[in-house]
Amino acid sequence: MKLITEIEYFTRWGEEILLRINDRLIHSEYRSDGIWTSEVDGLKPGQTVEYRYEVHSGGLCRRSEWASHTVTMPAGRSSKAITVRDGWHDVPAGLPLRSAPFAKGVFSMVPGRQWKAAGVAVPVFSLRSESGFGIGEFKDLDLLVDWAAATGQKIIQLLPIYDTTMTWTWEDSYPYNANSIFALHPQFIHLPDAGVEEDGEYLRLRSELNALDKVDYEKVNIEKHRLLRKAFAKTGKNVARRKSYKDFVEKNAFWLIPYSVYCSLRDEFGTAEFGKWGDYSVYSPEKASEYRNSHKSETDYWCFVQYHLHLQLCAARDYAHSKGVIFKGDLPIGVSRTSVDAWTDSKLFRMDSQAGAPPDGFSAEGQKWGLPTYNWDEMAKDGYLWWRQRLGKMSEYFDALRIDHILGFFRIWEIPLSAKTGLMGHFNPALPYSSDELRNMGFDMSCGRYSSSDENEEDVLFIEDPHRKGFWHPRIAAQYTRSYSMLDDWHRNVYNRLYDDFFYHRHNAFWKESAMRRLSSLLSSTGILVCGEDLGMIPACVSEVMDEYQILSLEIQRMSKNPQVRFADPHTYPYYSVCMVSTHDMNPLRAWWEEDRSVTQAFWNEYMHRGGQAPEVCEPWICREIIGTHLHSSSMLTILLLQDWMSIDPELRLQSPEDERINVPAIPRYYWRYRMPVTLETLLAKADFNALMKDMISGSGR
């Protein structure tokens, strides 16, 4: 059967309309009066077709529809073709204020008043309660919601909550290296609600682990699983008979069953490196099914754990909604090389390379993250189904979302696995120069002198694209190589021009097209409120796309996006933004104040407009003033680390500001174990502190 589509769209000179079905592009023909028509052949009766229109010019997509069109072909109809008339789907005006929290009725608008909210950012593992087990749990979120509601906060922002268990050591504490994009971390389970008896052994362990200042990741997880296995042996069969359990397994089987097999194989072989799993090294649905049948008790255990985690997080979500509070999740840009996702869907990833970052002021040799990069061309073939499933699962628990390193949807710094540093990386996707282009510029690549070195593999001017032979990327920071110093003045000037064009101009429209195609199909599928982490060296196309799709930006005063201003002014932030004092990757406010005396002094004089020497420590009144400024920012959301909120109270602050740090990115194998210094029950009882917070928040119009 044939589908004929018509759409009215008045293009500019040089533009044309194309229809996209997954990775297939179909040219439209201009008829008259602004009408463009397309034909899609080879469709079957009853087939559902999903498509979008794009505006192209100069070989690039300049604009993409926000939402898809869906047509189901008639079943058993004798006609060979149907015609539909479409209208262009624009991004809805005021999209963030139409997102899930508003559509569900959790948030409501006040006529004539600009909607703003305040919130707190804290990892689940950092929570502390009297009923916890040495670590924060999903059940603790109820108490956190009570505190948020009592102080006038509407948003609780969490770090990734997904299972990271690969080695059963503290190195698994890194929350951005999950073994599954769907499975929740078992460490967050509240044991009694999963059938664990609160006997003497349980109470003794709970008391011992709760007394610790920091999370003992290894003991918490080992003991939790030991007790969970006892509960599973006792209650597992009864739980499996529940309709809710059967429904959960059926709905989530596409990821849950491979995950359960993965966990069992990981523990059987003593490694998450699936390349060492013998006959199971390469994933096969048939072999996985056979393994599950022969190891039913073990794989059922992992389904049992995920079921209880799901119930507990859903209960926390529902309780939050009843109090007018939502959870904001965190979407890591990367996927672990030894994850179940890489094992089952290896074609979606470039396993022969790794993601990282080019050199910057913090790392002269760049960064190697070890994570595989995405094969976006393969992902596009089914309309980014993997991503849509991922966001769909997140939307079950979260009404808002932080996209970690949103630049990764535009391009990623891809480095060969064998490379010693990040210097040998290249952007992907990119527009490398062809051999002919370079030859015309005076660089004959056939001679090898510009792309190879006998003495040092990094002493090159160009790197060949690993996916397209005969195409070349200028090597980042090549001006510091011996090869560059050997160029004559003419070649050096030519190289400088092409280098500048490549890294600062050539890709802006190309990367914008890449992100538009990916983000529109993902974000429009959930209705979730989205914020993008857009800090650092960000090309202009990022803000253009974020503005068009109304993605909230992230604004940090100490990381001004205006190169002419040392400290940003929160009153000038865009409305569609999230204002924060610090993030989990930074020193919280008090530690930052003591980090660099010259910076603090400049902030004291230039921004706070105080004379004389800045105080040695960030006293509570200083913290209150800085936080007050952020609450009065023009941003839609002001979300602060829990540590920054507590900095305004002399009794809640830790003695050492350094102990409030969650993560130090400069340390690759950092132990993520920060715990709040008091229990949530104690925090709720701090009447004066909570009243002060509520007054500050309500007084700012949030």
Worksheet item: Checking residue 616 against (1) over 26 Å from residue 572 (Cα atoms); (2) in contact (Cβ under 8 Å) with a residue 40 or more places away in the chain, which test does it fail?
Response: (2)
Fill in: Only one of 29, 16 that is closer than 22 Å to residue 521 by Cα and charged (D, E, K, R)
16
Worksheet item: Taking residue 7 and the conditions (1) surrounded by fewer than 16 Cβ atoms within 10 Å (Cβ to Cβ); (2) within 27 Å of residue 522 (Cβ to Cβ), which numbered condition does it fall short on, given that it satisfies the others?
Response: (1)
Item to complete: Of the numbered conditions (1) in a loop (DSSP other than H, G, I, E, B); (2) in contact with a helix residue (DSSP H, G or I) (Cβ under 9 Å, 6 or more places away or on another chain); (3) at pLDDT 90 or above; (4) not hydroxyl-bearing (Ser, Thr, Tyr), residue 473 fails exactly one; give the number of that condition.
Response: (1)
Discussion item. Looking only at region 315-343, filter to residues that are over 21 Å from the mean Cα position of the chain (by Cα) and outside any loop (DSSP other than H, G, I, E, B); which one of those is surrounded by the fewest Cβ atoms within 10 Å (Cβ to Cβ)?
Written reply: 318
Worksheet entry | Which listed residue, of 569, 596, 547, is more than 28 Å from the chain's Cα centre (by Cα) and free of Cβ contacts under 8 Å to residues at least 40 places away in the same chain | 596
Discussion item. If I ask for residues that are polar (S, T, N, Q) and either touching a residue at least 24 places away in the same chain (Cβ under 8 Å) or surrounded by 11 or more Cβ atoms within 10 Å (Cβ to Cβ) (or both), which ones from region 58-78 would you list?
Written reply: 64, 68, 72
Worksheet item: Tell me, which strands (runs of 3 or more DSSP E) wholly within region 6-100 include 2 or more residues that are of a type in the set (Val, Ile, Thr)?
Response: 16-21, 35-40, 48-57, 69-72, 81-86
Worksheet item: Would you say residue 344 is over 28 Å from residue 528 (Cα atoms), in contact with a Phe, Trp or Tyr (Cβ under 7 Å, 6 or more places away or on another chain) and touching a residue at least 60 places away in the same chain (Cβ under 8 Å)?
Response: no
Practice prompt. Working carefully through the options 525, 520, find the one that is part of a loop (DSSP other than H, G, I, E, B) and either crowded, with 18+ Cβ neighbours inside 10 Å or at pLDDT 85 or above (or both).
Written response: 525
Item to complete: Name the single residue, out of those in region 360-394 being among the polar types (S, T, N, Q) and over 14 Å from residue 425 (Cβ atoms), that is surrounded by the fewest Cβ atoms within 10 Å (Cβ to Cβ).
Response: 389
Worksheet entry | Elements of type helices (runs of 4 or more DSSP H) contained in region 600-702, each with 1 or more residues being exposed (fewer than 15 other Cβ atoms within 10 Å of the Cβ) | 620-631, 680-685, 687-699
Discussion item. Here is a check on your reading of the model: is residue 282 closer than 28 Å to residue 124 by Cα and either touching a helix residue (DSSP H, G or I) at 6+ places or on another chain (Cβ under 6 Å) or not in a helix (DSSP H, G or I) (or both)?
Written reply: no
Fill in: Search result, residues across region 248-268 that are in contact (Cβ under 8 Å) with a residue 40 or more places away in the chain, among the hydrophobic types (A, V, I, L, M, F, W, C) and over 18 Å from residue 342 (Cβ atoms)
248, 249
Item to complete: Considering only region 363-414, state which residues are among the aliphatic types (A, V, I, L, M) and over 29 Å from residue 668 (Cβ atoms).
Response: 380, 385, 400
Worksheet item: Among the residues of region 294-303, is any among the acidic types (Asp, Glu), under 29 Å from the mean Cα position of the chain (by Cα) and crowded, with 18+ Cβ neighbours inside 10 Å?
Response: no
Worksheet item: Looking at region 619-651, which of its residues are touching a Lys or Arg at 6+ places or on another chain (Cβ under 7 Å), of a type in the set (Val, Ile, Thr) and within 17 Å of residue 572 (Cα to Cα)?
Response: 638
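The values are calculated or read from the model by the stated rules, or taken from the named source; none is laboratory data. Keep in mind the model is a prediction, meaning the values are calculated, not measured. Every residue, glycine as well, gets a Cβ built from its backbone with ideal geometry; the counts of neighbours run over all protein chains shown.
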